[in-house]
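K.L.:
Pasting a structure here, questions to come.
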Amino acid sequence: MYVNNCPAHATASSRRGGGACVARGFLHRFSFQPLSENPLLGPSSATLQKLGALVWDKVVQEHQGWRLLTCIWLHAGVAHLLANMISLVLIGLRLEQQFGYGMHSCRNLTPPGLSRTMSDLDLHSRFLTVRIGIIYLVSGVGGSVLSSLFIRNTISVGASGALFGLLGAMLPELFTNWTIYSNKAAALVTLLVVIAINLAIGILPHVDNFAHIGGFLTGFLLGFVFLMRPRYGWMQRYVLPSDVKYTTKKYLAYQWALLAVASVLAVVGFAVGLGMLFRGVDANDHCGWCHYLSCVPTSRWSCGK
């Protein structure tokens, strides 16, 4: 907002019928663009583009690939930022609780003298945050890549692709850890309904559903890689007496198989996507119906070019 400096451009904006800066009286240089220009209480499109928004021309023709990452940290306004942060709290905390607190469930049962075991669990909990952070960032880039392949005439900002990556990572977490869920059908149906609703919202105009889909697919694959849960019997070795037999296999064979397949698909997908993007390929030329994934025209609105 400091760079945007709405009051400095207010005269030109007013001449175009754009109205006055919002909250100029007490925010001064940090005031928001007129609501007619940005109803989300934020800066102008030119400012977003200057500070790293995703713009196809800049990425492909001017080789500014860093925009695939920087656009994740920019938001169109206060309303946009709050919506994404609320989603991050709801989705991110659920993942960290599912994998962090579950590992610490044996803490209250642990006999004295197992300080090394507790250190291992604390280390696992800290590494968990790193893994979820990796899924978040890489999914954001995956969303940016798919968005750039299909959308060329608008700028894109926001963490929606990264958030959909966390949402996508919940599915493989459910698949690979299927045996620990007591009500499997309810867990699966609930997650699928949440995913379907969020993707359905993306078909409205001015919503970049390609970023959502790209982030979701990336997170789905990374979930198999980073969110494998150790077997319950293996974890119980921390609390069982030394003379009690427990399983020595931390993961099952199918978990390793899914990890290998997902890793290959993720690497190949990024290689192909980035290769097409920097060659200037328009993915719409190879998929005539794909534009409906981001916007479906109706009698109430049109999707534009």
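The values are calculated or read from the model by the stated rules, or taken from the named source; none is laboratory data. On a predicted model such as this, the values are computed, not experimentally measured, just so you know. Here the Cβ is made from the backbone with ideal geometry for all residues, glycine too, and neighbour counts use every protein chain on show.
Residues are listed down the side, and each one gets a yes or a no for (1) in contact with a Pro (Cβ under 9 Å, 6 or more places away or on another chain); (2) modelled with pLDDT of 90 or more; (3) surrounded by 17 or more Cβ atoms within 10 Å (Cβ to Cβ):
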{"position": "47", "(1), (2), (3)": "no, yes, yes"}
{"position": "52", "(1), (2), (3)": "no, yes, yes"}
{"position": "58", "(1), (2), (3)": "no, yes, yes"}
{"position": "68", "(1), (2), (3)": "no, yes, yes"}
{"position": "79", "(1), (2), (3)": "yes, no, no"}
{"position": "88", "(1), (2), (3)": "no, no, no"}
{"position": "91", "(1), (2), (3)": "no, no, yes"}
{"position": "119", "(1), (2), (3)": "no, no, no"}
{"position": "139", "(1), (2), (3)": "no, yes, yes"}
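K.L.:
Let me ask you something else. If you scan the stretch 281-301, which residues turn out to be surrounded by fewer than 13 Cβ atoms within 10 Å (Cβ to Cβ) and either in contact with a Pro (Cβ under 7 Å, 6 or more places away or on another chain) or of a type in the set (Gly, Ala, Ser) (or both)?
P.N.:
Result: 288, 299, 301.
K.L.:
Something else now. Within the set of pairs 6 or more residues apart or between chains, which connect a residue that is closer than 18 Å to residue 84 by Cα inside the stretch 127-139 to a residue that is of a type in the set (S, T, N, Q) and in a helix (DSSP H, G or I) with Cβ atoms less than 9 Å apart?
P.N.:
135/218; 138/218; 139/218
K.L.:
Within the set of pairs 6 or more residues apart or between chains, which connect a residue that is over 21 Å from residue 216 (Cβ atoms) inside the stretch 180-197 to a residue that is surrounded by 12 or more Cβ atoms within 10 Å (Cβ to Cβ) and modelled with pLDDT of 75 or more with Cβ atoms less than 6 Å apart?
P.N.:
Correct list of pairs: empty, since none qualify.
K.L.:
Within the stretch 228-258, can you find the residues that are modelled with pLDDT of 80 or more and in contact with a Phe, Trp or Tyr (Cβ under 7 Å, 6 or more places away or on another chain)?
P.N.:
Scanning the stretch 228-258 gives a single hit, 258.
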